[in-house]
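Notes follow the structure.
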Amino acid sequence: MQCEICGAEIREKPIFITIDNSELQVCPKCAPYGKPVDKRTPVSRKVSPVVRTVPRTEKRPQKDFFDILKNELLDNYDQIIRDAREARGWSLEDLAENIKEKASLIRKIERSEIVPEESVRKKLEHTLNIKLTERLDAAGQEVSHMKKDTTLGDIVKIKRK
């Protein structure tokens, strides 16, 4: 019989080991590479408590992830933030303390060095009572409530017999 790891001829009784849940017959030299099969590992008799799950009665409304893409940050967001902050008489540090962010982050946003993340944008809008985004439709133009969406009838010419 041959060792299933090194291929050497096994002259005495082969040793059964497990490596990654596979049982192998190996020679004494390769036996340390795995755990012996004949040794049993004790199983704990301790029973873990069963966690009761309470079914939810109300469902969350489905979030449309494409709504995020429909709102676009205004080009002059830096000026809007700076004007709103100065109108309140706040320094960069005061604003940073109110929204629990670093003053250096506010400074970079006001210099247009970085674009504010969604969470920071919402904090700024709420704290300064400003609007930094505009609603866009699929074509990238501002949404007007007077415009109608394109319908199939606008595109297709119907042939009559």
query: Using a basic spin-label model with each label point 7 Å from the Cα along Cα→Cβ, how many nm lie between Lys29 and Val156?
result: 7.7 nm
statement: Cα extents of the range 67-135 along the principal axes, largest first, in whole Å, come to 32, 20, 19
field: Length added when fully stretched, Ser112-Ala87, from 0.36 nm per residue minus Cα-Cα
entry: 7.1 nm
message: Using each residue's phi in the range 19-36, evaluate 6.51 cos²θ - 1.76 cosθ + 1.60 at θ = phi - 60° and report the 3J(HN,Hα) Karplus result to the nearest Hz, with x for Gly and Pro.
response: 10, 6, 6, 10, 8, 10, 9, 10, 7, x, 5, 8, 4, x, 6, x, 9, x
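Residue separation times 0.36 nm, minus the C-alpha to C-alpha distance between Ser22 and Thr127: what's the value? Intermediate values should be presented prior to the final figure.
On the way: separation 105, 0.36 × 105 = 37.80 nm, distance 6.13 nm.
Difference between extended and current length: 31.7 nm.
Every number here is computed from the coordinates shown, using simple stated rules; none is lab data. Just so it is clear, the model here is predicted, and its values are computed rather than measured. When we count neighbours, we look across all protein chains shown, and the Cβ atoms used for this are built from the backbone with ideal geometry, even at glycine.
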